[in-house]
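**Q** This structure is in structure tokens; I'll ask about it shortly.
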Amino acid sequence: MPQSDPSSIYEIVSSISTAVAAIFAAGSTWLARKSAKSAQDAVDEARLARRNEILPRFVLDKDFLDFSFHWPHGATLNGEPVYLARKHSKDLDPSSPTFTLSNVGERPALELTVTFELVDHNKPLAVPQPYHQIGLTSGPEPTLPGEPSIPTLQYLNANGTGGGSLPLYRKQSVFLANCVPGKPNTIELPQGILSRLFVRGLEYINHDSDHSDLILIVKVEGFTVDGEAIANQFRFHVYPFCYGPSLPLRVSGHIRELPTYPSDRDALRAVY
């Protein structure tokens, strides 16, 4: 039986050893890269978590229990409707409905725009006929050429005094220079939105089930001190109603907070 050449055997063993070493080196390199990537991912995740911690974070609270619209009201000079809200059920001194915007982050927010937008898919605004006899009507207000007219609430006392009109806005914005942690900002619910709710409340006298829900969306947009854009939104279900034409006239309303973004929970209606 022929004997194997020792040099050939050595070469084969050497080749196998070299291949195994190469495979081991490749595996070690892969493991090292994977370990380095995992370490970098952990660092990036920590940086992101820290960034999110120090970014401005907004909380919007309504400062009232319910609200009501009064017309006419002795506290006004021109006989316009007055919009008031109770902070609790036994509040004998109601005031304007307001919200409190707080920053619970670690850094201030700058150049804020707070936009109130009423999602209203109901029929075009119109003061119902029964209210015309007590001095309330509605109609378009002329604007600049080429621009759409603005719906308005028009009011006139029975004696012909205290007349005027109020725009009925679906969307209005409030501007804030900043919102600093620990220093909340008080924001009034814009009068144009309230006036629209006033008219919708006049329409809800019969609690018509065909009316679509009124959803108030409040968007907060601004910038960090580094110039990074930030935004958040809040949603509320609004329900205004009235018991018919009488003087003085009162339209009442409730508002409840909804989830930040639409969900099936919006279908759960409060009973008023």
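**Q** For segment 190-229, name all the residues that are open to solvent by less than 20 Å² (accessible area, probe 1.4 Å) and among the aliphatic types (A, V, I, L, M).
**A** Hits for segment 190-229 are I193, L194, L197, V199, L202, L214, L216, V218, V220.
**Q** Shifting gears a bit: Applying the selection to segment 67-109, what residues are under 25 Å from G182 (Cβ atoms) and of a type in the set (V, I, T)?
**A** Step one: filter segment 67-109 for residues under 25 Å from G182 (Cβ atoms), giving 87, 95-109.
Residues satisfying the conditions are T98, T100, V104.
**Q** Moving on to the next point. Enumerate the pairs (first residue in segment 139-168 and within 19 Å of P190 (Cβ to Cβ); second residue anywhere and among the aromatic types (F, W, Y) and assigned to a loop (DSSP other than H, G, I, E, B)) with beta-carbon separation below 9 Å, excluding pairs fewer than 6 apart on the same chain, so at least 6 apart or on different chains.
**A** Sorted first by the residue in segment 139-168, then by its partner, the pairs are I150/Y169; P151/Y169.
**Q** Mind listing whichever residues of segment 116-141 are open to solvent by less than 10 Å² (accessible area, probe 1.4 Å) and assigned to a strand (DSSP E or B)?
**A** F116, L118, L136 - these are the residues of segment 116-141 that are open to solvent by less than 10 Å² (accessible area, probe 1.4 Å) and assigned to a strand (DSSP E or B).
**Q** Any residue at all in segment 87-102 that is among the polar types (S, T, N, Q), open to solvent by 40 Å² or more (accessible area, probe 1.4 Å) and closer than 17 Å to V238 by Cα?
**A** Restricting attention to segment 87-102, the residues satisfying the condition of being among the polar types (S, T, N, Q) are 89, 95-96, 98, 100, 102.
Next, only the ones that are open to solvent by 40 Å² or more (accessible area, probe 1.4 Å) stay: 89, 95-96.
Still in the running and closer than 17 Å to V238 by Cα: 96.
So far as segment 87-102 goes, yes, one or more of its residues are among the polar types (S, T, N, Q), open to solvent by 40 Å² or more (accessible area, probe 1.4 Å) and closer than 17 Å to V238 by Cα.
**Q** Can you tell me which residue is modelled with the lowest pLDDT among those in segment 152-176 that are of a type in the set (A, V, I, L, M, F, W, C) and in contact with a helix residue (DSSP H, G or I) (Cβ under 9 Å, 6 or more places away or on another chain)?
**A** Our first condition is that a residue be of a type in the set (A, V, I, L, M, F, W, C); within segment 152-176, this holds for 153, 156, 158, 166, 168, 174-176.
Subset that is in contact with a helix residue (DSSP H, G or I) (Cβ under 9 Å, 6 or more places away or on another chain): 153, 158, 166, 168.
Working: L153: 92, A158: 73, L166: 91, L168: 94.
Taking the candidates together, the pick is A158.
**Q** Among the residues of segment 177-189, which ones are open to solvent by less than 30 Å² (accessible area, probe 1.4 Å) and either assigned to a strand (DSSP E or B) or modelled with pLDDT under 95 (or both)? Break it down into steps so the answer makes sense when it comes.
**A** To start, the set of residues in segment 177-189 that are open to solvent by less than 30 Å² (accessible area, probe 1.4 Å) comprises 179, 187, 189.
Scanning segment 177-189 gives C179, I187.
**Q** Which ones in segment 78-129 are small (G, A, S) and either touching a Ser or Thr at 6+ places or on another chain (Cβ under 7 Å) or over 21 Å from L214 (Cα atoms) (or both)? Give the steps one after another, and end with the answer.
**A** Start the filter on segment 78-129 by keeping residues that are small (G, A, S), which leaves 79, 85, 89, 95-96, 102, 105, 109, 126.
Matches in segment 78-129: G79, A85, S89, S95, S102, G105, A109, A126.
**Q** Please go through segment 140-172 and give me each residue that is farther than 20 Å from T76 by Cβ and more than 29 Å from the chain's Cα centre (by Cα), ordered by number.
**A** P142, L144, P145, G146
**Q** Within segment 59-86, can you find the residues that are part of a loop (DSSP other than H, G, I, E, B), more than 18 Å from the chain's Cα centre (by Cα) and under 21 Å from H237 (Cα atoms)? Quick ask: steps written out before the conclusion?
**A** Start the filter on segment 59-86 by keeping residues that are part of a loop (DSSP other than H, G, I, E, B), which leaves 63-65, 72-81.
This time we only want the ones that are more than 18 Å from the chain's Cα centre (by Cα), so: 65, 72-81.
Residue satisfying the conditions is L65 alone.
**Q** Can you say whether V82 is of a type in the set (A, V, I, L, M) and either farther than 24 Å from L168 by Cα or touching a residue at least 60 places away in the same chain (Cβ under 8 Å) (or both), as far as the supplied structure shows?
**A** No.
**Q** Select from segment 229-265 the residues that are within 19 Å of S212 (Cβ to Cβ) and part of a loop (DSSP other than H, G, I, E, B) and list them in ascending order.
**A** P259, Y261, P262, S263
**Q** Here is a follow-up. Being surrounded by fewer than 18 Cβ atoms within 10 Å (Cβ to Cβ) and under 16 Å from L249 (Cα atoms) is the filter here; which residues of segment 142-158 pass it?
**A** In the first step, residues of segment 142-158 are kept if they are surrounded by fewer than 18 Cβ atoms within 10 Å (Cβ to Cβ); the result is 142-150, 154, 156-158.
Listed by number, the residues that qualify are Q154, L156, N157, A158.
The values are calculated or read from the model by the stated rules, or taken from the named source; none is laboratory data. This is a predicted model, so every value here is computed, not measured. Every residue, glycine among them, receives a Cβ derived from its backbone with ideal geometry; neighbour counts consider all protein chains shown. In case anyone asks, the SASA skips ligands and DNA or RNA and just uses the protein heavy atoms, side chains included. Shrake-Rupley method; radii C 1.70, N 1.55, O 1.52, S 1.80 Å.
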